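To keep things clear, I will list the structure first and then write my remarks on it.
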Amino acid sequence: DVCSSDLLERLERALVEAQRVPQRTAQAVAPQISKLVAQQYARGMDPYRQPWRPISPTTKRLRKGDKNAPPLTDLGKLRAGSFAMWKTGTNRIGLWWGRWQGWVHQRGDAKTPKREIYPEGTLPAKWQEIIATAWRREADRVLREAFK
């Protein structure tokens with residue numbers, strides 16, 4: 001039957017395209033996650049909307065840049081280099097720091113209080129929302145294309 005043959009071909013194409021949904025989702029969310037990270041720096045808070053611990057008076061005095069800027073932002077180098085980027089050909093995004101100090105702040109150490117730049121464990125609600133929205137949009141696109 002021609003009709004069922006056409007339907008099966010459409011389904012087959014949809015299944016092939018559906019395999020690309022995770023990759024396209026990652027590609028779509030990377031710039032949005034980068035925007036969230038930039039907002040975190042501007043607000044001086046972690047991905048869970050908790051304020052970063054204030055800088056110490058000694059650090060404030062020794063700063064080379066804006067002495068009154070929020071933590072991690074006085075020179076702008078760490079902020080400028082912190083972003084999400086889609087890893088081409090995969091369904092993953094990489095989270096980058098512009099400077100090695102990002103890792104120190106992410107974890108904290110004996111001299112540096114922990115100031116999370118990226119989430120650890122459960123993703124924050126806003127990050128989950130961005131990913132879910134992109135996923136639905138890509139899955140819907142596959143179905144629309146298959147059955148138009």
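The values are calculated or read from the model by the stated rules, or taken from the named source; none is laboratory data. What you are looking at is a predicted structure, and each value in this text was computed from that prediction instead of being measured. With ideal geometry, Cβ positions are generated from the backbone for all residues, glycine too; neighbour counts draw on all protein chains shown. Accessible surface areas use protein heavy atoms only, side chains included; no ligands, DNA or RNA. Shrake-Rupley method; radii C 1.70, N 1.55, O 1.52, S 1.80 Å.
A few comments on the model shown:
- Note on the range 49-68: residues that are in a loop (DSSP other than H, G, I, E, B), loosely packed, with under 11 Cβ neighbours inside 10 Å and among the charged types (D, E, K, R) amount to 1.
- A single member of ARG79, ARG99 is touching a residue at least 40 places away in the same chain (Cβ under 8 Å) and open to solvent by 80 Å² or more (accessible area, probe 1.4 Å), and it is ARG79.
- Pairs where the first residue, in the range 124-148, is open to solvent by less than 100 Å² (accessible area, probe 1.4 Å) and the second is assigned to a helix (DSSP H, G or I) and polar (S, T, N, Q), C-beta under 7 Å, 6+ apart: ILE130/GLN32; ILE131/THR25; ALA134/THR25; GLU138/THR25
- Filter result for the condition that a residue is in contact with a strand residue (DSSP E or B) (Cβ under 6 Å, 6 or more places away or on another chain) and either among the hydroxyl-bearing types (Ser, Thr, Tyr) or within 30 Å of GLN19 (Cα to Cα) (or both), over TRP86, TRP135: TRP86
- With respect to the conditions (1) modelled with pLDDT under 90; (2) in a loop (DSSP other than H, G, I, E, B); (3) not aliphatic (A, V, I, L, M), GLU17 falls short on a single one, namely (2).
- Residue in the range 38-45 that is among the hydrophobic types (A, V, I, L, M, F, W, C) and either part of a helix (DSSP H, G or I) or over 30 Å from LYS77 (Cβ atoms) (or both) present: yes
- Some residue of the range 104-121 being in contact with a strand residue (DSSP E or B) (Cβ under 9 Å, 6 or more places away or on another chain) and aliphatic (A, V, I, L, M): yes
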